[in-house]
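Asker: Let me begin by handing over the structure; questions about it come next.
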Amino acid sequence: MTNVYDILQERGYIDQSTYEDELRELLGKESVTFYVGFDATADSLTLGHFIQIMVMMHMQKAGHRPIALLGGGTTMVGDPSGRTDMRKMLTKETIDHNASKFKEQLSRFIDFDDDKAIIVNNADWLMELNFLEFMREVGVHFSVNRMLTFDCYKNRLEEGLTFFEFSYMLMQSYDYLKLYRDYNCRLEVGGSDQWSNILGGYELVRRLENDKVYAMTFKLLSTASGIKMGKTAAGTIWLDPEKTSPYEFYQYLRNSDDRDVEKFLSLLTFLPMDEVKRLGSLQGAEINKAKEVLAFEVTKMVHGEKEAIKAQEASRALFEGDKSGDSIPFTELKKSTFEKGIGILDLLKDVKLTKSNSEGRRLVEQGGITIDDEKVEDINKIIKLDDFKDGKLLIRKGKKVYHQIRIK
């Protein structure tokens, strides 16, 4: 049986780990309880989170037990890592709602039945902490001088760093201690930007419990052009189909840079590595076959096979010039909307092709909006019933995002 550490290494996930040989040996000989944290900063997980989910699935398939830690407590503060300013403070109600959505989404990928995995929320213990007791047990083990050398804090010193944010590492570290004590959790994994936070918990558990625990981070994915994976000009690629449709999700992956295909196939699918390398080695127009496989496999995992097939059919139809297919994403609007007429900027916003009028204005001015193959040149254009053909109207944003408007 292949050691999961070797699988993760071969597929390109691992960035750093503590005591690599020891950890590999442990993962090869017994079932290990490990955890991954998800701060509830939005009401949906993203394609960026899917890397963490894939690691959890690989580990669970190999017989290890995941703990999905929802950060209902830590989100009250907000992770300063990678930030140039303080995160916007969310209300407890918003955080609780976001955490519930995360739980729902994670349950589609991780088997929580029969104690095969655990899902907990750190609000359950962080919200009830006694400050003095916490600082006496945990705070005394953290050197301020050392913490200030970590990038998550060092990069903020010029702009200003509050004690509020400074406490984040202590709370995340306490999570590891709590999970070790309650569930015998012996490994924390997370993105490479979390290395200093993860080390804080790893060192705290080793110091207080005098036991061997471990830490491992995996690489944050960026595209060959240097953009964080899952980020587009229009915004984030979400796992929630209401925020990013299965078609848009599919198209994002279908439009991957040629240089990224093998890496994405390795990290985002369960295809055997021989097949990943074969597909990644395709040249010229043939690489599009690999991109279709990538888009289909990931969309199938996230949205189900039925939606993946519909997205694939829509993508192929548009590529071949057939823009009438039912699988193209669409919005039905009342006839009365167009009897009165609606401005193009408002229409783009209503069907969620843009987030604001200013974004729509910029797209129109740059020639990025087309209606039924006619470029929109006037930001004040009014869309009326006369613009529809057989009750349908097709909007194209940029070169590859299509959306149909239907009259109901």
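Every read-out reported here was derived from the displayed coordinates using simple, explicitly stated rules and does not represent laboratory data. Please read these numbers as outputs of a predicted model, since none were measured by experiment. Neighbour counts run over all protein chains shown; Cβ positions are idealised from the backbone, glycine included.
Asker: Pull up the DSSP beta bridges for the chain and report the antiparallel fraction as a percent, rounded to 5.
Answerer: Roughly 50 percent of the DSSP beta bridges within the chain come out antiparallel.
Asker: Tell me which aspartates and glutamates have Cα within less than 15 Å of LYS228's Cα, excluding those fewer than 8 residues away on the same chain?
Answerer: LYS228 reaches ASP193, ASP257, ASP260.
Asker: As a quick test, which of the pairs LYS116/LYS219; LYS263/LYS291; LYS61/LYS103 have an alpha carbon distance above 23 angstrom in this structure?
Answerer: Beyond 23 Å between Cα atoms: LYS116/LYS219.
Asker: Moving on. Just rank HIS403, HIS58, fewest to most, by other beta-carbon atoms within 10 angstrom.
Answerer: Going from sparsest to densest Cβ surroundings: HIS58, HIS403.
Asker: Mind checking which of ILE118, LEU90, MET57 is farthest towards the positive end of region 9-128's charge dipole, using Cβ charges of +1 (Lys, Arg) and -1 (Asp, Glu) about the Cα centre?
Answerer: Checked the options; the winner is LEU90.
Asker: State to the nearest 20 debye the size of the charge dipole of region 34-134 about its Cα centre, where the only charges are +1 on K and R beta carbons and -1 on D and E beta carbons.
Answerer: Roughly 360 debye for region 34-134.
Asker: Something else now. Return the sequence-ordered ³J(HN,Hα) values of region 346-352 in whole Hz as given by the Karplus equation 6.51 cos²θ - 1.76 cosθ + 1.60 applied to θ = phi - 60°, using x for Gly and Pro.
Answerer: These are the phi-based 3J(HN,Hα) values: 5, 5, 4, 6, 5, 9, 6 Hz.
Asker: Using a simple charge model, +1 on the beta-carbon of Lys and Arg, -1 on the beta-carbon of Asp and Glu, nothing else, what dipole does the chain show about its Cα centre, in debye to the nearest 20?
Answerer: Around 880 debye, computed over the chain.
Asker: Between region 1-45 and region 341-408, what is the C-alpha centre distance in whole Å?
Answerer: 45
Asker: Putting +1 on Lys and Arg Cβ atoms and -1 on Asp and Glu Cβ atoms, find which of SER256, TYR174, LEU204 reaches farthest to the positive end of the dipole of the chain.
Answerer: Highest projection toward the positive end goes to SER256.
Asker: Let me ask something else about it. Along the principal axes of its C-alpha atoms, what lengths does region 255-408 span, in descending order and rounded to whole Å?
Answerer: 58, 31, 25
Asker: Give the residue from PHE296, PHE388, THR217 lying farthest towards the positive end of the charge dipole for the chain; charges sit on Cβ (+1 for Lys and Arg, -1 for Asp and Glu) and the dipole is referred to the Cα centre.
Answerer: PHE388
Asker: Within 10 Å of each residue's Cβ, count the other Cβ atoms and sort LEU23, LEU69 from fewest upward.
Answerer: So the residues, fewest neighbours to most, are LEU23, LEU69.
Asker: Then there's this: Can you sort SER281, SER17 by how many other beta carbons sit within 10 Å, fewest first?
Answerer: Going from least to most buried by this count: SER281, SER17.
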